[in-house]
Structures are given as C-alpha cells and as structure tokens.
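Step one of this worksheet: look at the structure below.
The values are calculated or read from the model by the stated rules, or taken from the named source; none is laboratory data. If you're wondering where the values come from, they're calculated on a predicted model, not measured in any experiment. In this analysis, Cβ positions are derived from the backbone assuming ideal geometry, glycine residues included, and neighbour counts consider all displayed protein chains. Only protein heavy atoms, including side chains, enter the accessible area calculation; ligands, DNA and RNA are left aside. Shrake-Rupley method; radii C 1.70, N 1.55, O 1.52, S 1.80 Å.
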Amino acid sequence: MADLWRRARGKALAYTAYATAMLAAACGLWVLGTQEYQARLERMEHESADVAASIEMLVGTSIDHVDMLRHQAEALLGESSTSFAARRLFAGLKPSRDFSGYALDSVPRGVDPRRVGNLTGSGEIPPIESGAGREILMALTLNPLLDATHDQIPDAAWVYYTSANGFIAMQPWVPSRVFHWTEDVPTYDFYKLGHPTKNPARQVFWTDLYLDLAGKGMMATVGAPVYDQTGRFRGTINLDLTLGTMSQLVARGDLGLARALLVTDQNHVIADSVTNGVAPAALANLSGLLPQLAELRQAAVAPGVFRRHADWLIRSTAIEGAPWRLVMVVDRSALALEVVRSIWIGFVGLALLAVALLAVEQRRRTGAALAEKVAQLKGVSMKLAAARDEALQANRAKSMLLANVSHELRTPLNAIIGFSDMMRHKVYGPLGDPKYEGYAADIQQSGQLLLDLINDLLDATKLESGHYELVETPCDLAALLHEATRLVKVQAERAEVAVKLRIDGILPPVLADARALRQVMLNLLSNGIKFTPANGMVRLTCTRAADGGVVITVADTGRGIAPEEMKELFRPFARTTEAKQANTPGTGLGLAIVKSLVELHQGTIAMESRPGFGTTVTVTLPAARVIAAQVQGAA
C-alpha cells in the first residue's frame with residue numbers, strides 16, 4: 001500500500017511539474033504576443049499622430065493666410081487712398097458679353113496677367129468713388145496677396161474675395177465665361193457661413209466637401225468674414241483647397257494593417273489610405289466605406305485610443321483648426337495573425353518543449369518500471385544488473401533517436417530517390433508497362449522534393465538557433481563556381497534556360513565554408529532557373545570589389561519581382577504572389593538560408609528587380625575573407 005502511494009505521489013508531482021512548465025512557457029508566449037500586439041498598436045497610434053500633425057500644419061497655414069487676408073482687407077477698407085495699380089485695373093472693368101454684369105477679362109497694358117485675378121459682378125460698374133467702387137478697389141489691391149497665398153499653399157485651387165455688394169474677385173485668373181458672379185453665390189456655404197446670421201462671432205469657418213464648378217474636382221473651403229470699421233459685414237475671404245496633398249499625407253504614413261480615413265464633421269471622406277494618395281473624385285460617405293456595423297460608425301466619432309468593437313479596432317483623432325477627424329480602422333483578426341507570424345519561433349519552441357517533456361515522462365516511466373523490477377528481482381543481483389544496463393541502453397538509444405530522427409529520414413529518402421531513378425532509366429532492363437516509368441519518375445521527383453524540404457528545414461533551424469558552425473578552409477572560388485554551374489546543368493536543360501559563367505580577372509582563394517558557399521550559389525542559380533521562362537538566360541558572374549572583397553552576381557532574364565514583395569523575400573517561408581498562384585515548387589526557405597549563410601561569412605546580399613526585366617542578386621564577401629598571399633587563375 002505504501003509503495004502504491006509512493007508511486008501515485010511521484011506521478012502527481014511529475015505531472016504537476018510538466019503542467020507548470022507548459023503553462024509557464026504558454027504564459028511567456030502569451031505575454032510576448034501581447035507585447036508585440038500592443039507595440040504594433042502603439043506604432044500605428046504614433047504614425048496616426050504624425051499624419052494628424054502634418055494635416056494640422058497644412059490646416060494651420062491655410063487659416064493663417066486667410067486670417068492675414070481678412071485683416072488686410074479690413075485695413076484697406078478703412079484707408080482713404082488707393083494704389084495707382086488698383087485704379088488702372090478698375091479702368092479695365094468692362095461690361096461682359098457672356099452675362100448680365102461686368103468683368104476684368106482683359107488687363108491694361110504693362111500689367112502681368114499671370115499675377116492678376118479676374119473680378120466679376122452683377123449689374124453696372126459702380127462709380128469708382130462710391131462705396132461699392134472703393135470696395136472693388138480694395139479687392140483689386142489684394143491681388144498680390146491673393147496671388148502669394150495661391151503660390152504658397154499646397155493644393156490651393158482658388159483664393160478670392162466675395163462681396164455683399166454683388167461681386168467676386170478670384171485668383172488665379174479665370175475667364176468670366178467659365179465662372180462669374182451669379183445671384184446664387186450668396187447661397188453657397190463659402191459665403192453663407194461667414195454671414196452674421198450664421199457666424200455672429202466672426203470666426204474662421206470651413207465648408208463641407210463639394211465639387212468645384214470650374215472643374216478642379218472635390219475641395220473644401222476655409223473662409224473668414226470681412227467687416228469694415230463701422231462693424232458692417234462686407235463679404236468673405238475664401239481659400240479653396242483640393243484634396244491631393246491631404247490624400248498623400250494620409251497614404252504616406254506607415255500605418256501597417258490600419259486603414260486611415262480623413263473625414264469631415266458631416267462624415268464625408270476627404271482622404272483614404274487605400275487609394276494610395278489619389279484624391280476622391282466624388283463625394284463619399286463614411287458609412288459606405290466602414291464595415292457595415294452601426295457601432296463602428298458611432299465609434300469613429302469618439303476621439304481617443306484604439307477601442308474594440310466586435311472584430312475591429314477603431315481610433316479617432318480630431319484635427320485641430322478644422323471640423324475634421326482622422327479615423328483608423330484595424331481588423332483585429334488580421335493583426336492577431338500578423339503577430340502570430342512574427343513570433344512563430346516561439347510556437348516552435350513550445351512544441352519542442354512539449355516533445356522534451358514527453359521524453360522526460362517516458363524516461364520517468366522507464367525509471368519507475370526499472371525500480372519496480374529491481375524491487376521484484378531483489379534476490380537476483382545479476383539479472384537486476386543486466387536489466388538495469390538494458391534499460392539504460394534503451395534510454396540512450398531513444399535519446400539518440402530523438403536527436404538524429406531528422407537525419408535518419410534522409411537515408412530512406414536517398415534510397416527511394418536512387419532506386420526510382422534506376423527504374424526510371426531502366427538500368428536493369430525495361431519495367432514492362434510504360435505507366436511504371438511514369439510512376440518511377442513521380443516517386444523520384446517527390447522523394448527529391450521531400451529531401452530538399454528536410455535539408456532546408458534542418459539548415460533553417462540550425463541557422464535560426466545559432467547552432468550552424470562554419471568549417472572554414474581556404475577555398476578555390478573559381479572551382480566552386482564551375483562546380484555550381486555543372487550541378488544545375490540538368491535543371492537548366494529541362495527548363496530550356498541557358499546558364500553562363502563569367503569570372504573577371506584572377507580570383508584569390510577565400511577563407512570560407514566550401515559547403516555553405518556551394519549552397520549559396522546553388523540556391524541562387526536554382527531560383528533563377530525556376531523563375532526564368534524557356535529560352536531565357538541565367539548569368540553567374542564573379543569579380544573583385546574595389547575594396548579587395550569578392551562580388552558574386554546571379555542575374556536572370558525572368559519575370560522579375562514587384563518592389564513591394566522584394567523586401568520580404570529574405571524572410572523564412574516568404575514567396576512571391578506569382579509563385580503561389582502558379583504553384584511553383586519551393587518552400588520559401590532558400591533565400592532566407594542564403595542570407596544567413598552569407599552573413600555568417602560577414603558578407604552582404606542585395607536584390608534588384610523590375611517586373612518583366614528579370615532579377616539580379618549580388619553577394620559580397622569582405623576583403624577580410626580574401627587570402628591575399630595566394631593567387632588562382634580565372635576560368
């Protein structure tokens with residue numbers, strides 16, 4: 001009974017220890033994932049704040065210019081004298097042939113027409129000394145300032161003064177047949193929002209988005225009311241902004257998985273990060289772009305940090321100086337998946353820990369069984385010693401099996417590949433039915449693919465864990481280059497791709513791991529052949545660098561790689577979209593292994609590619625790897 005209790009207690013303690021270790025590892029992985037998740041959100045928040053600050057700078061600059069123009073207009077209204085230039089322009093006002101009113105469709109001789117805006121009004125031209133005439137002189141005097149504002153503000157479409165006396169002065173110049181004063185102008189928001197009935201506090205105001213009547217696309221207007229010294233409302237100063245710069249500012253931010261939308265207080269979209277900097281061509285509502293969930297549209301109004309709503313995260317930032325806000329929308333599932341991918345090595349470690357604990361448990365059970373055997377065979381010492389030795393030997397064999405299982409997988413695979421290749425080439429005579437030849441080819445190809453996968457996984461695991469050790473010896477680089485081209489000859493012939501080798505000058509020996517360098521060249525050549533269409537070419541070039549190092553270049557005439565995919569290709573399991581769609585064989589580990597092996601030699605690797613023009617990969621070994629005391633001839 002006591003022995004039974006002892007065994008039960010030992011088993012309970014062991015399982016408790018296993019559970020504690022697994023729980024601790026899982027909690028650590030959870031903490032790591034949570035920190036990475038939060039860090040990504042914080043990066044998005046910081047990037048969002050930078051985008052909002054850039055927009056606020058543009059908004060503030062626009063408001064400052066409008067406010068300056070407002071104060072200048074009010075000051076000119078209080079002056080009794082006017083400039084000679086303004087009087088000359090006033091003399092250029094003529095009745096229009098296109099509408100019932102007057103316009104400055106031509107300027108007096110000697111005046112630069114590029115620096116003068118048009119002025120149009122209804123009815124007859126007022127006398128120059130009348131109140132309306134002096135207000136026209138004020139508007140004409142503002143021309144240089146309107147022109148300067150138009151030049152200095154990005155995306156400034158129009159800068160203009162709209163008068164309560166029935167005229168509008170607009171910069172830059174536009175013919176009156178395209179745009180002129182009409183009786184509808186006082187009903188537009190750019191004038192109405194400055195009127196005392198709508199704006200008694202005389203504040204700077206913004207209109208909602210609208211489509212420009214003169215054909216410059218979607219825009220928003222910032223304006224300010226103008227009053228004379230008697231407190232009488234005279235009109236508004238306005239600046240029309242198109243949406244190009246704001247769309248570029250929103251798209252320029254490194255927002256990761258987040259989608260950013262700049263919207264007005266009427267929920268009209270000013271800019272959307274998914275358009276890649278292209279301004280909207282038509283009025284769009286936020287409700288039509290966000291996921292179809294009411295709580296998301298409500299949350300997009302509330303400012304603050306990211307808030308969770310169903311499967312989404314929402315963050316809204318108010319834009320200072322304008323009735324706008326920057327809304328960030330993140331798919332929680334996509335973000336979580338991205339975090340999992342970033343800490344995949346942690347999951348591998350957790351799996352290895354589980355395997356190790358299973359091995360420990362197996363060892364514990366073996367020990368318990370051995371102890372029980374010792375207790376049962378206490379009187380037979382020789383048999384007990386033999387049983388103990390046998391158990392220890394079995395345990396060592398089991399440990400060796402666990403350590404070498406991946407290497408042992410390669411032995412039967414090599415046999416499968418070798419025998420299937422003999423059958424395919426009918427070394428000992430015909431097989432009989434022709435179908436067997438196809439089966440043998442399939443077996444050989446599948447076995448080779450599986451062997452390549454196992455080799456890549458082993459190399460990637462060693463490199464990732466830092467256990468890959470270089471066996472450095474003086475290497476004949478020219479011989480390695482020739483050997484690599486020979487080894488890919490069959491693959492190149494099957495793909496109908498030419499492989500050319502060029503060695504410039506005399507190559508000295510280098511201190512390196514010959515197997516690692518061979519694998520680098522084979523992986524790069526194999527990739528080049530794989531993604532080059534028939535009748536294409538892969539060129540392997542080796543030359544000396546200016547600093548004494550060695551430069552190895554593999555260039556193909558294949559389909560090329562998109563810029564947005566190229567920077568990801570050196571990560572484990574990364575593949576191009578085209579390779580995935582075409583089901584091109586490969587694990588996505590080849591370039592990751594090449595990069596790690598080159599860096600173990602203190603070298604560098606770079607890739608250049610253009611879709612439709614091929615890809616060039618350049619490997620550079622430092623001068624410290626060159627053995628200068630010896631010299632070898634080039635091929």
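Quick look at the numbers
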read-out: Residues within the range 189-228 that are in a loop (DSSP other than H, G, I, E, B), open to solvent by 20 Å² or more (accessible area, probe 1.4 Å) and of a type in the set (A, V, I, L, M), tallied; value: 5
read-out: Enumeration of residues in the range 360-381 that are part of a helix (DSSP H, G or I) and of a type in the set (V, I, T); value: V360, T366, V374
read-out: I136 vs. criteria part of a loop (DSSP other than H, G, I, E, B) and either in contact with a Leu (Cβ under 9 Å, 6 or more places away or on another chain) or buried (at least 18 other Cβ atoms within 10 Å of the Cβ) (or both); value: no
read-out: Residue in the range 36-52 that is surrounded by 13 or more Cβ atoms within 10 Å (Cβ to Cβ), in contact with a strand residue (DSSP E or B) (Cβ under 6 Å, 6 or more places away or on another chain) and among the basic types (K, R) present; value: no
read-out: Number of the condition not met by A302 [criteria: (1) among the aliphatic types (A, V, I, L, M); (2) open to solvent by 20 Å² or more (accessible area, probe 1.4 Å); (3) modelled with pLDDT of 80 or more; (4) not in a helix (DSSP H, G or I)]; value: (3)
read-out: Residue in the range 475-496 that is over 21 Å from A592 (Cα atoms), part of a loop (DSSP other than H, G, I, E, B) and either basic (K, R) or touching a Cys at 6+ places or on another chain (Cβ under 9 Å) (or both) present; value: no
read-out: Cross-chain or 6+ apart pairs with Cβ under 9 Å, the range 28-51 first and within 11 Å of G256 (Cα to Cα) and part of a helix (DSSP H, G or I), then of a type in the set (S, T, Y) and open to solvent by 40 Å² or more (accessible area, probe 1.4 Å); value: R40/S342
read-out: Hits in the range 229-246 (condition: in a strand (DSSP E or B), within 37 Å of the chain's Cα centre (by Cα) and β-branched (V, I, T)); value: T242
read-out: Subset of the range 537-559 that is more than 18 Å from L522 (Cβ to Cβ) and free of Cβ contacts under 8 Å to residues at least 60 places away in the same chain - its residue that is most open to solvent (accessible area, probe 1.4 Å); value: A546
read-out: Selected residue (criterion: nearest to the chain's Cα centre (by Cα)) from residues of the range 549-580 that are more than 19 Å from V594 (Cα to Cα) and at pLDDT below 75; value: T577
read-out: Residues being among the polar types (S, T, N, Q) and open to solvent by 10 Å² or more (accessible area, probe 1.4 Å) - total across the range 146-188; value: 4
